[in-house]
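The values are calculated or read from the model by the stated rules, or taken from the named source; none is laboratory data. Everything quoted here is computed from the prediction, not taken from an experiment. In this analysis, Cβ positions are derived from the backbone assuming ideal geometry, glycine residues included, and neighbour counts consider all displayed protein chains.
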Amino acid sequence: MRRRNNRAWLGVAPVVLIVAFSAVLPLMTVVNYSIQDIFDINTRIFVGFDWYRETLRDPRFLDALLRQFTFSATVLAIEIPLGILVAKSLPRTGARTGMFLILLAVPLLIPWNVVGTIWQLFARPDIGLFGATLTALGIEFNYTADVIDAWIILVLMDVWHWTSLVALLSFAGLASIQEPYYQAAEIDGASRWQVFRYVELPRLRSVLIIAVLLRLMDSLMIYTEPFVLTGGGPGNSTTFLSQYLTTMAVSQFDLGPAAAFSVLYFLLILLLCWLFYTSVMRSAED
Amino acid sequence: MANAAHSLLDSSLSHRKAHWLLYAYCGYLLLPLYWLLNISLRTNRDIVSRLSVFPVDATLANFAEIFTNPVWYEAFGNSLTYVALNTSISVAVALPAAYAFSRYRFLGDKHLFFWLLTNRMSPPAVFLLPFFQLYSAIGIFDTPLAVALAHCLFTVPLAVWILEGFMSGVPKSLDEMARIDGHSTNVDWFAKVDDVHIGVRDKYFSGEEVKPERPNHGQVTHTTVGDHANASQRSMHIGVYLTPPRTNRVGRVEIVNDHEGWFRDRVDILPIIRA
């Protein structure tokens, strides 16, 4: 049990200060923009919730939202189980463990735009190993023209990029389970599945919550990799929320609508994560 | 039985399946990287003219370009500056916070943790415009410091989580054990240390009950003196049960010898958990 001690605030104060500077201030600015029509620095008109209404009726926003949910659900459904499986198949100790852990960490260390580049080079039907192999096998594959192909390669890329995170977190969780738990399970004659279900999974809970939350949030915010890999195409078929927002804010410079979009986007992610977090916490209390 | 337990500990998958999965996954991780390396060792003309699994006429010309063209290598310099700044800031602020979250409960801890989480949830695109204006206003726009500070928004909460997870993975009993062994480096940073003075007579070696000098501060329930305890030993461990308001506090006890004066020192009081 953790001790109650309010002096621990001294330890978290620096984090609070730095995050307040880089998060609270900018967020206030965005909210400010979202309720005004801005022509230039001196000409602003208060418009209330007009930008919010406009955004919620925008069919391109709604399409991007639907694509976003589909993408996030798909990658989570693959990455979480696969990550746990990989963590479980890692040897617990020995020289090979370190080697595998380093290998797993590699995709997490690669800059996101490089991940996009790697997969573009890998998947291109003309010069890419993956694309060319499929073509040689007689399977038509062209992610720049075919919507399904573009989605397949995006999901493969995201799984490649982020399963390691789930695996490393799960491995850390598994490593903290002490041997007496396994011995007790052994005495009770538990099967491998029962050991996983009743010994390991409950102990992995806290790291898995973090893993699911991180993957949920990051997949909802994905921008760089699809931007590099498919550029949101073919058509708008892989344009997710971030990319649409950036187009609005930077290319079209629609400050008000972009700010309203930002606030809605942020609240949406916040709401989803809060729902997940509280439901998990509640089920833990029961 | 120990062997059987080990087999469960190793993996709940059978070994063959586990190996198969692990190597297949590593292949999936490595193939795109290999292809990147392959392409980086070939000329543009070679890349588009044929598909070769191994670079036949391998050349380092592409790498030479990176290291001789200032457009490329200056970008690397900028990146390194930004990374150094960001890492120092993130670790410096996240380390004490992670320790606090891992070892203590304090006012608003859960809300604070969730608030940090919310910053990790904010889409970077949202911050594009405000950052531009904020950093222009304080005159650090277009500097590595601005990028480093902006990225703290994402790296600091992540650092806190990861460090918190690892710190919580270290059993708290290890802290106590370290303290028993006199590792003062592992001090309880935020704990209030009470000075409790208890006189202990030399009779405690014989296991007789010893009376505390100031009973309202605590009472000695038992003494534990290891094999190594002798006249030259500068410290020893004494179990002290502290009266309720002081339960779980860490304090110090002063040992005084009445007769010979062979021992006059202070030892740490450890909280004793009653079974």
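A few notes on this one:
- Test: residue in region A:106-114 that is more than 22 Å from B:M121 (Cα to Cα), more than 7 Å from chain B (Cβ to nearest Cβ), in a helix (DSSP H, G or I) and not aliphatic (A, V, I, L, M): no
- Looking across region B:103-113, the residues that are within 7 Å of another protein chain (Cβ to nearest Cβ) and either of a type in the set (V, I, T) or assigned to a helix (DSSP H, G or I) (or both) come down to B:R103, B:L112.
- Filter result for A:V228 (under 24 Å from A:L109 (Cα atoms) and aliphatic (A, V, I, L, M)): yes
- Residue selected from region A:51-93 under the condition surrounded by 17 or more Cβ atoms within 10 Å (Cβ to Cβ) and of a type in the set (D, E, K, R), by the criterion farthest from the other protein chains (Cβ to nearest Cβ): A:R67
- Condition check for B:T155: β-branched (V, I, T), in the same structural domain as B:V83 (by TED's automatic domain parsing), more than 30 Å from A:L169 (Cβ to Cβ) and modelled with pLDDT of 65 or more: no
- Residue that is of a type in the set (A, V, I, L, M, F, W, C) and surrounded by 17 or more Cβ atoms within 10 Å (Cβ to Cβ), where the choices are A:V166, A:V114: A:V166
- Every residue from region A:1-15 that is in a helix (DSSP H, G or I) and within 7 Å of another protein chain (Cβ to nearest Cβ): A:N6, A:R7, A:A8, A:W9, A:L10, A:G11, A:V12, A:P14, A:V15
- Residues that are buried (at least 19 other Cβ atoms within 10 Å of the Cβ), at the interface with chain B (Cβ under 10 Å from one of its Cβ atoms) and either part of a helix (DSSP H, G or I) or of a type in the set (D, E, K, R) (or both) do occur in region A:225-241.
- Across region A:1-34, the qualifying residues are those that are aliphatic (A, V, I, L, M) and farther than 19 Å from B:L134 by Cα, and the one among them that is nearest to the chain's Cα centre (by Cα) is A:V15.
- Test for A:A145: is it touching a residue at least 40 places away in the same chain (Cβ under 8 Å) and hydrophobic (A, V, I, L, M, F, W, C): yes
- Residue satisfying all of: in region A:255-286; out of contact with any Ser or Thr (no Cβ under 9 Å at 6 or more places or on another chain) and away from chain B (no Cβ under 11 Å); surrounded by the most Cβ atoms within 10 Å (Cβ to Cβ) among these: A:V280
- Scanning region B:1-56 for residues that are under 33 Å from the mean Cα position of the chain (by Cα), more than 9 Å from chain A (Cβ to nearest Cβ) and at pLDDT 75 or above gives B:Y23, B:A24, B:G27.
- Residue in region B:131-144 that is assigned by TED's automatic domain parsing to the domain that holds B:A75 and under 23 Å from the mean Cα position of the chain (by Cα) present: no
- In region A:1-15, residue nearest to B:L153 (Cα to Cα) [restricted to those that are at pLDDT 85 or above and surrounded by fewer than 17 Cβ atoms within 10 Å (Cβ to Cβ)]: A:A13
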